[in-house]
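Beneath this line is the structure, given in structure tokens, with notes to follow.
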């Protein structure tokens, strides 16, 4: 499965599709961190970055999963010994690509976006938030990939509207119906991120796992 | 390997593509699968490969290593032939692809991007990736289509070797490329039903045949004539006892 994951990543890079997501990421980072945040605003700024990169990560995951022709996916499933392993390899490759972009975002933010390095505890929290953002982007990308939504137009609309619905729902009292990204930002702004992290992380993880389960079910 | 009462449809309420297929495949079998276009041959091959699940019925005893060569290799990938086969070799746990590249006369293709391959050359890549892991079940979808003469000659012996090694070979083939092999089993798909041992469909090149003298060596001829004269010509040939049918319309 690792070899198939490497094959998917190599195809994504060699097809140059990776540059689409990379350029979007760099543009977002340049705008978001154009000037350093004042002292004391580190958590808020870093949490905002974790949320705003999610649609780009979803685009990257969708793009990676769509790089391989449908027939090659079938060949890969035969080669690797089953559809389940092929699906898993694709998801791992998508998560890896998203993790690189997410790491780039976090690294840029820490070097150029804040006035001082956050304390270790806060840094670990922000790392966890970026990991959740990576998983959220991977899930949204997988659910809008060609294997699930055959039409490119519908797929793009679903990705954009899916993220907007995530924002709107998570800003409402029904935030528990989605990955509560706005609640991440609010908790960071109010200094409650450390306290609320277990609940927010569990809810985010739950919705990501449900989304991935739907993807696997559609690919069976 | 056994198929028990296998039926398949792509979606609910759609007609069945495969209907109640029963079959047993044993190590060493070479099976030629025929049927008209759209009969369900490729669907049956996908079921055998494990790429689709039967709607009802079961397929059991599938060998752990399966090789599948599609009728159209997916060339829209950003790799050269070598890079692609290396990746597939790693996926197969380090299987050796080089001997197959040599045997299928692919030496001059190794540095060519997949997207620039001709149909026949791409087909060879598909064959190499299917063969490299010594499959216990080798599935070939129209394996002779587009191949050059040298590779067409060597392919039956490769199939025979896989079978001699205890593998099962099943090929969807309209061109009769495997018929020279001894003890080839003939399957045909007719209206979704899998039948064994029925008469093989005429090959693509066959225009007419003299059935009354089966023991006499046969010959295939192609006749070109105006479209308007086709039906009277076919009727006349059939009236004289020859099998005749239209192959293609040109011009």
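The values are calculated or read from the model by the stated rules, or taken from the named source; none is laboratory data. Quantities reported herein were computed from a predicted structural model and do not represent experimental measurements. Don't worry about glycine lacking a Cβ; one is built from the backbone with ideal geometry, like all the others, and counts go over all protein chains shown.
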Which numbered condition in (1) in contact with a helix residue (DSSP H, G or I) (Cβ under 8 Å, 6 or more places away or on another chain); (2) in contact (Cβ under 8 Å) with a residue 60 or more places away in the chain; (3) in a loop (DSSP other than H, G, I, E, B); (4) crowded, with 19+ Cβ neighbours inside 10 Å is the only one that residue B:68 fails? (3)
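Would you call residue B:59 in contact with a helix residue (DSSP H, G or I) (Cβ under 8 Å, 6 or more places away or on another chain), assigned to a strand (DSSP E or B) and touching a residue at least 40 places away in the same chain (Cβ under 8 Å)?
Numbers: in contact with a helix residue (DSSP H, G or I) (Cβ under 8 Å, 6 or more places away or on another chain): yes; assigned to a strand (DSSP E or B): yes; touching a residue at least 40 places away in the same chain (Cβ under 8 Å): yes.
It is true that residue B:59 is in contact with a helix residue (DSSP H, G or I) (Cβ under 8 Å, 6 or more places away or on another chain), assigned to a strand (DSSP E or B) and touching a residue at least 40 places away in the same chain (Cβ under 8 Å).
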Please enumerate the residues belonging to segment A:74-109 that are in contact with a helix residue (DSSP H, G or I) (Cβ under 9 Å, 6 or more places away or on another chain), closer than 18 Å to residue A:48 by Cβ and surrounded by fewer than 18 Cβ atoms within 10 Å (Cβ to Cβ). A:103, A:104
For residue B:22, the lone unmet condition from (1) away from every other protein chain (no Cβ under 14 Å); (2) in a strand (DSSP E or B); (3) buried (at least 16 other Cβ atoms within 10 Å of the Cβ) is (3)
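Suppose we keep only residues that are assigned to a loop (DSSP other than H, G, I, E, B) and at pLDDT 80 or above within segment B:180-194. Which one would you say is nearest to residue B:25 (Cα to Cα)? Break it down stepwise before answering.
So the first thing to find is which residues in segment B:180-194 are assigned to a loop (DSSP other than H, G, I, E, B), and the list is B:180-184, B:191-192.
Still in the list and also at pLDDT 80 or above: B:181, B:184, B:191-192.
Numbers: B:181: 17, B:184: 12, B:191: 22, B:192: 19 Å.
If we take residues in segment B:180-194 being assigned to a loop (DSSP other than H, G, I, E, B) and at pLDDT 80 or above, then B:184 is nearest to residue B:25 (Cα to Cα).
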In segment A:170-187, how many residues are more than 19 Å from the chain's Cα centre (by Cα) and touching a residue at least 40 places away in the same chain (Cβ under 8 Å)? 1
Residue count, segment B:71-90 (criterion: in contact (Cβ under 8 Å) with a residue 24 or more places away in the chain, more than 12 Å from residue A:75 (Cα to Cα) and within 8 Å of another protein chain (Cβ to nearest Cβ)): 4
From the list A:112, A:161, A:167, which one is loosely packed, with under 15 Cβ neighbours inside 10 Å, without any contact (Cβ under 8 Å) to a residue 60 or more places away in the chain and closer than 22 Å to residue A:27 by Cβ? A:161
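Of all residues being in contact with a strand residue (DSSP E or B) (Cβ under 7 Å, 6 or more places away or on another chain) and over 17 Å from residue B:16 (Cβ atoms) in segment B:31-47, which is farthest from the other protein chains (Cβ to nearest Cβ)? Just the residue, please.
We begin by selecting, within segment B:31-47, every residue in contact with a strand residue (DSSP E or B) (Cβ under 7 Å, 6 or more places away or on another chain); these are B:31-35, B:39-45, B:47.
Now drop any that are not over 17 Å from residue B:16 (Cβ atoms), which leaves B:31-34.
Details: B:31: 18, B:32: 21, B:33: 17, B:34: 22 Å.
Restricting to residues being in contact with a strand residue (DSSP E or B) (Cβ under 7 Å, 6 or more places away or on another chain) and over 17 Å from residue B:16 (Cβ atoms), the top hit is B:34.
Kindly indicate which of B:251, B:166, B:239, B:197 is at pLDDT below 70 and at positive phi. Steps first, answer last, please.
On the way: B:166 fails: at pLDDT below 70; B:239 fails: at positive phi; B:197 fails: at pLDDT below 70.
Going through B:251, B:166, B:239, B:197 in turn, just one is at pLDDT below 70 and at positive phi: B:251.
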As an exercise: evaluate residue B:179 against (1) in contact (Cβ under 8 Å) with a residue 60 or more places away in the chain; (2) out of contact with any helix residue (DSSP H, G or I) (no Cβ under 6 Å at 6 or more places or on another chain); (3) within 14 Å of chain A (Cβ to nearest Cβ) and give the number of the one condition it does not meet. (3)
Whether any residue in segment B:7-15 is touching a helix residue (DSSP H, G or I) at 6+ places or on another chain (Cβ under 9 Å) and either surrounded by 14 or more Cβ atoms within 10 Å (Cβ to Cβ) or assigned by TED's automatic domain parsing to the domain that holds residue B:188 (or both) is what I want to check. yes
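Given the criteria away from every other protein chain (no Cβ under 12 Å) and either under 22 Å from residue A:135 (Cα atoms) or in contact with a helix residue (DSSP H, G or I) (Cβ under 9 Å, 6 or more places away or on another chain) (or both), does residue A:31 qualify? First the steps, then the outcome.
On the way: away from every other protein chain (no Cβ under 12 Å): yes; either under 22 Å from residue A:135 (Cα atoms) or in contact with a helix residue (DSSP H, G or I) (Cβ under 9 Å, 6 or more places away or on another chain) (or both): no.
No; evaluated as a whole, the condition is false for this residue.
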If I filter segment B:149-165 for residues that are closer than 27 Å to residue B:20 by Cα and either surrounded by fewer than 18 Cβ atoms within 10 Å (Cβ to Cβ) or in the same structural domain as residue B:64 (by TED's automatic domain parsing) (or both), do I get at least one hit? yes
Specify the residue that is surrounded by the most Cβ atoms within 10 Å (Cβ to Cβ); the eligible residues are those in segment B:92-110 that are without any contact (Cβ under 8 Å) to a residue 24 or more places away in the chain and away from chain A (no Cβ under 14 Å). B:98
Scope segment A:51-90; condition touching a residue at least 40 places away in the same chain (Cβ under 8 Å), part of a loop (DSSP other than H, G, I, E, B) and within 9 Å of chain B (Cβ to nearest Cβ); matching residues: A:68
Return only the number of the condition from (1) more than 9 Å from chain B (Cβ to nearest Cβ); (2) in contact with a strand residue (DSSP E or B) (Cβ under 6 Å, 6 or more places away or on another chain) that residue A:103 does not satisfy. (2)
